[in-house]
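A short write-up of the structure that comes next.
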Amino acid sequence: MKRVAFYTLGCKLNYSETSTLGRMLSDEGFSTVSFQEPAEIYVINTCSVTDNADKKCRKVIREALKFNPQAQIVIIGCYAQLKPAEIAGIPGVSLVLGAAEKFKLAQHLRDLTQGQTARYIAGDIQKSNGFNAAYSVGERTRSFLKVQDGCDYSCSFCTIPLARGKSRSDTIAHVVEKAEEIARQDIKEIVLTGVNIGDFGKGSERHPREQEDFLQLIIALDKIAGIERFRISSIEPNLLTDEIITFVAGAHKFVPHFHLPLQSGNNKTLRSMRRRYLREHYAQRVEAIKEKMPAASIGADVIVGFPGETEEDFTDTCLFISELPISYLHVFTYSERDHTHALTLPHSVPAKDRNERSRILHILSDKKRRAFYESQIGTTRSVLWETEADGKMMHGFTENYVKVKTPYDPLLVNELSTVALRAIDQDMAVEVEECVRHL
């Protein structure tokens, strides 16, 4: 029985697929162990959103070989699809599997031989039209459930369509089946994930004639017994309809938490990025959410240092974000990616300016988060508690994504309780009182 250890880089979608692959290997007779344990095989599920993600992959390879210098290293994921030959040349790598091959992992691992020359299998991603369902387990409180894969958009900075192919979805019936399977494992929260989940409904080769959409999906999921909460991981502003917002506002289990990728608050930059909205539409979506759900948490992705972004453009973005009632930012520093249109654009932003703009937006994000948390002090919220962080305190998140803390109580783990939000501590977590356990 060969021991296999996994390491995941990147997004929630990658985590859902890694967890599923681990279960598949266990069913096939492999022994899955933690990454810190010696293993005969290390599988690294990669991301390639930024250049830094590529560097992280190389670092993880080196760390794996420290645990077992004779181990065989297998690379899967987006980086593996985009640059298979380059990865196969990294010392220690035995096998590289592209997007269409990773779900045949058990078969490929059986074929591995010690000392073999590194090889890669990565076909044309545009010919990959199947959908492989996936969800994560391991975090007792929540699961990431994959409902969609691939993307038909052509944002000028993005390699994801090249790494994951065309947009395709599961069926509503099958997603509901997987959600019920998750519920039987005493998991209380599901986060819906994909590359472009608002595009849900486009069929795969298994379900080419499905006429379903994202609104129909969440209506069906809201009826599932056993799951207390559903979150929408990220949805494009142009795909977040009034109907979706209205439904979430009145839903039984979908929580008031949205993540809307912004990327820039400057219209010239948005056009250059080939985004499918302008800042006015984005602001209107935020306004629509807050009108229906005043206490909703809204996160945003922002890219700094995109080619052609001037200081004035960046200031425009900062002012736009400052005036929006959003709750936090995920800040990305632009990095050049092969085979993207952005590489052809003039006026590259110097690295020092990119880093400074990133620093400024991280500060703005901290201010936004604190302002949102302060607006929630004195309110009563529902919290799903996680395991302890240090043996003394435990954390959880409210339905509207406020991080809270309380003295560790083993009876609270994976339980919902109603709490009063009291004060923000130095670690940017909210202290609570009056825990009332749901029975």
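Applying the criteria of a DSSP loop state and at most 14 other Cβ atoms within 10 Å to the trypsin sites (Lys or Arg not before Pro) of the range 370-409 yields Lys392. Using equal-weight Cα scatterers in the Debye expression, the normalised intensity of the range 2-69 in log10 at q = 0.13, 0.18, 0.23, 0.26 Å⁻¹ is -0.36, -0.67, -1.00, -1.15.
What share of the DSSP beta bridges in the range 3-123 is antiparallel, in percent to the nearest 5?
On the way: 0 of 20 bridges.
Roughly 0 percent of the DSSP beta bridges within the range 3-123 come out antiparallel.
Partners of Lys392 within straight-line reach, counting lysines whose Cα lies under 29 Å from its Cα and excluding those fewer than 8 residues away in the same chain: Lys12, Lys188, Lys367, Lys368, Lys403, Lys405.
Of the DSSP beta bridges with both residues in the chain, give the percent that are antiparallel, rounding to the nearest 5. Numbers along the way, then the final one.
Working: 24 of 66 bridges.
Of those bridges, close to 35 percent are antiparallel.
Using the Stokes-Einstein relation with a Kirkwood hydrodynamic radius computed over Cα pairs, the translational diffusion coefficient of the range 189-330 at 37 °C and a viscosity of 0.692 mPa s comes to 202 µm²/s. When the GluC sites (Glu not before Pro) in the range 252-358 are filtered for DSSP coil states and for at most 15 other beta-carbon atoms within 10 Å of their beta-carbon, the remaining sites are Glu336. Rounded to the nearest 20, the Cβ-based charge dipole of the range 3-123 about its Cα centre (Lys and Arg +1, Asp and Glu -1) stands at 220 debye. For the chain, the mean residue ellipticity at 222 nm estimated from helices alone is -10000 deg cm²/dmol, where every DSSP H run of n ≥ 4 contributes -39500 (n - 2.57) and the total is divided by all residues, rounded to the nearest 500. Per the Cα gyration tensor, the range 262-367 maps to an equivalent ellipsoid with semi-axes of 25, 15, 11 Å, ordered largest to smallest.
Would you please name the trypsin sites (Lys or Arg not before Pro) within the range 159-191 that are DSSP coil residues with at most 15 other C-beta atoms within 10 Å of their C-beta? Present the calculation step by step, with values, prior to reporting the outcome.
Values: sites: Arg164, Lys166, Arg168, Lys178, Arg184, Lys188; in loops: Lys166, Arg184, Lys188.
Answer in residue order: Arg184.
Between beta-carbons, use under 14 Å as the cut-off and find the net charge around Thr241, counting Lys and Arg +1, Asp and Glu -1.
Values: positive: Arg276, Arg285, Lys292; negative: Asp199, Asp213, Glu236, Asp242, Glu243.
Once all neighbours under 14 Å are counted, the net charge is -2.
Entry for the chain at q = 0.07 Å⁻¹: log10 I(q)/I(0) = -0.36, Debye formula applied to identical alpha-carbon scatterers, no solvent contribution. Think of the chain as having a plus end and a minus end, set by charges on the Cβ of Lys, Arg, Asp and Glu; of His252, Trp385, Ile61, Ile61 sits farthest toward the positive end of this dipole.
In terms of its alpha-carbon gyration tensor, the range 2-129 comes out rounded; the largest-to-smallest axis ratio a/c stays below the 1.5 threshold.
Selection among Asn400, Met273, Gln107 by position relative to the dipole of the chain gives Gln107 as farthest towards the positive end (Cβ unit charges, Cα centre).
The alpha carbons of the range 380-437 stretch over 24, 22, 18 Å along the principal axes, in descending order. Counting DSSP beta bridges with both partners in the range 380-437, what percentage is antiparallel, nearest 5? Counting only bridges with both partners in the range 380-437, antiparallel ones make up about 90 percent.
Within the shell defined by Cβ-Cβ distances under 10 Å, the residues around Lys268 carry a net charge of -3, with Lys and Arg each +1 and Asp and Glu each -1.
Classified by the C-alpha gyration tensor, the range 96-203 has an oblate form. Its axis ratio a/c, with a ≥ b ≥ c, is 1.5 or above, and a/b does not exceed b/c. Remark: the range 380-437 carries a charge dipole of roughly 120 debye about the Cα centre, counting +1 on each Lys and Arg Cβ and -1 on each Asp and Glu Cβ. For the chain, a simple Cβ point-charge model (Lys and Arg +1, Asp and Glu -1, everything else neutral) yields a dipole of about 800 debye relative to the Cα centre. Between Gln216 and Lys292, the simple label model (points 7 Å from Cα in the Cβ direction) yields a spacing of 1.9 nm.
Laboratory data are not the source of any read-out in this text; all were calculated from the coordinates shown. These figures come from a predicted structure and were not determined experimentally. Reconstructed Cβ throughout: ideal geometry from the backbone, glycine too, with neighbour counts over all protein chains shown.
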